[in-house]
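Engineer: Okay, handing you the structure first.
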Amino acid sequence: MQIATYPDDAAPRWHNPVLALGNFDGLHRGHMKIIDRVRQRAGERGATPAAMTFDPHPPRVLRPDKAPALLMTNVQKIEALRRSGMQGLAFVRFTQELSLWAPETFVRAVLVEWLHVSEVWVGANFLFGHKRAGTFSVLRSLGARYGFRAEKIDPVRYKDFVVSSTRVRRLLSEGRVDEAGALLGHHYFIDGTVVRGAGRGRSIGVPTANLATDNDLVPPAGVYATLAIVDGIVLPSVTNIGLRPTFGDVTAPVIEAHVLDEDRDLYDAQLRLSFVQRLRDERVFPDVDALRAQIDADRRSAQRLFGRISL
């Protein structure tokens, strides 16, 4: 997949690109419907299927005090779009200056003169340009003027919900990781490096991998059934997020994953942690024996869950 950034890079040499345009945070079911349509249309036209997104996320420039925690890092987004079949990815460097551009200025400078798009596909609620004046109707009208086709994909529903990044963030912030995964179409995951902790887990017979992550959004304190992926190997695990209140030895939340039925040295490993289901709240135990008994119960709960699902 060829990656280019506007305005830093020269125009990529894509053949009549069919473009998915949006923020694509999380690459959820709604986003994937746009991506799938772009891939289909590009195949029909013998064109390049490509995606365009913004970096940084526009709210981080326009209202940084209210900007949401993101579901993906840029590295994760690139990986996901590559896996989805996109052959090109364009980042638009979002600035205060660019936020003042009229919709037509953006279309002419970026979509027409830089990318030479043949088609542009967006979600039904996508807005762009100064004061978000660029609606789909504006995009379609500009497409007719500048010689490209503009189409939209209607919102995707999952059961009673419209799938959106905002709803996924809300579910994750409430610890409802299984529901968030249903809207995403995959388990929510974070990536990081296993670092050395205090060794508390190993001292009570439950070794854990402490994860340092660059992901913005980490589920709230609690115990979760998780999948730890290391070097492509999927390891069922139980993860505690929180302050270890029984010991009271940390002041900031820590992420500790205990791999089930396997004791391997994971220090310094790159690890992806996928959240399957919340098992319980974090709580204080009267002593280490009570904590160990609860951990054993958590392990059994996770093993029953993993016995019912395909890993």
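Engineer: Quick check on segment 35-50. Is at least one of its residues within 16 Å of the chain's Cα centre (by Cα) and either over 16 Å from Gly123 (Cβ atoms) or crowded, with 24+ Cβ neighbours inside 10 Å (or both)?
Structural biologist: No; the residues of segment 35-50 include none that is within 16 Å of the chain's Cα centre (by Cα) and either over 16 Å from Gly123 (Cβ atoms) or crowded, with 24+ Cβ neighbours inside 10 Å (or both).
Engineer: So Met32 fits all but one of (1) surrounded by fewer than 22 Cβ atoms within 10 Å (Cβ to Cβ); (2) part of a loop (DSSP other than H, G, I, E, B); (3) aliphatic (A, V, I, L, M); (4) out of contact with any Asp or Glu (no Cβ under 6 Å at 6 or more places or on another chain); what number is the exception?
Structural biologist: The number of the failed condition is (2).
Engineer: Being among the hydrophobic types (A, V, I, L, M, F, W, C), touching a Pro at 6+ places or on another chain (Cβ under 8 Å) and not in a helix (DSSP H, G or I) is the requirement here; does Ala11 meet it? So that I can check it myself, show each step before the final result.
Structural biologist: Numbers: among the hydrophobic types (A, V, I, L, M, F, W, C): yes; touching a Pro at 6+ places or on another chain (Cβ under 8 Å): no; not in a helix (DSSP H, G or I): yes.
So Ala11 does not fit the description; no.
Engineer: Something else about it: Given Arg149, Arg170, Arg140, which one is surrounded by fewer than 21 Cβ atoms within 10 Å (Cβ to Cβ) and either on the phi > 0 side of the Ramachandran plot or not assigned by TED's automatic domain parsing to the domain that holds Ala20 (or both)? Spell out the reasoning first.
Structural biologist: Details: Arg149 fails: either on the phi > 0 side of the Ramachandran plot or not assigned by TED's automatic domain parsing to the domain that holds Ala20 (or both); Arg140 fails: either on the phi > 0 side of the Ramachandran plot or not assigned by TED's automatic domain parsing to the domain that holds Ala20 (or both).
Of Arg149, Arg170, Arg140, the one residue that is surrounded by fewer than 21 Cβ atoms within 10 Å (Cβ to Cβ) and either on the phi > 0 side of the Ramachandran plot or not assigned by TED's automatic domain parsing to the domain that holds Ala20 (or both) is Arg170.
Engineer: Then there's this: Any residue in segment 178-190 that's over 21 Å from Ile241 (Cα atoms): show its pairings with residues that are among the small types (Gly, Ala, Ser) at Cβ separation under 9 Å, as long as the two are six or more apart or on different chains.
Structural biologist: Leu183/Gly26; Leu183/Gly30; Leu183/Ser164; Leu184/Gly26
Engineer: Any residue at all in segment 157-165 that is at pLDDT 95 or above, assigned to a helix (DSSP H, G or I) and outside the structural domain of Ala20 (by TED's automatic domain parsing)?
Structural biologist: yes
Engineer: Sticking with this structure for a sec: Identify the residue in segment 152-167 that is of a type outside the set (D, E, K, R) and buried (at least 16 other Cβ atoms within 10 Å of the Cβ) and, among all such residues, is farthest from Ile35 (Cα to Cα).
Structural biologist: As a first pass, look at segment 152-167 and keep what is of a type outside the set (D, E, K, R): 153, 155-156, 158, 161-166.
Narrowing the set further to residues that are buried (at least 16 other Cβ atoms within 10 Å of the Cβ) leaves 153, 156, 158, 163-165.
On the way: Ile153: 10, Val156: 13, Tyr158: 18, Val163: 15, Ser164: 15, Ser165: 16 Å.
The extreme case among them is Tyr158.
Engineer: Given the criterion touching a residue at least 60 places away in the same chain (Cβ under 8 Å), more than 13 Å from Ala209 (Cβ to Cβ) and within 23 Å of the chain's Cα centre (by Cα), identify the matching residue among Arg278, Arg272, Arg299.
Structural biologist: Step by step, each of Arg278, Arg272, Arg299 is checked, and only Arg278 is touching a residue at least 60 places away in the same chain (Cβ under 8 Å), more than 13 Å from Ala209 (Cβ to Cβ) and within 23 Å of the chain's Cα centre (by Cα).
Engineer: For Lys131, which of the numbered conditions (1) surrounded by fewer than 20 Cβ atoms within 10 Å (Cβ to Cβ); (2) modelled with pLDDT of 95 or more fails to hold?
Structural biologist: (2)
The values are calculated or read from the model by the stated rules, or taken from the named source; none is laboratory data. Predicted model only: the values in this text are computed from it and were never measured. For neighbour counting, all protein chains shown are included, and Cβ atoms are generated from backbone atoms with ideal geometry for every residue, glycine included.
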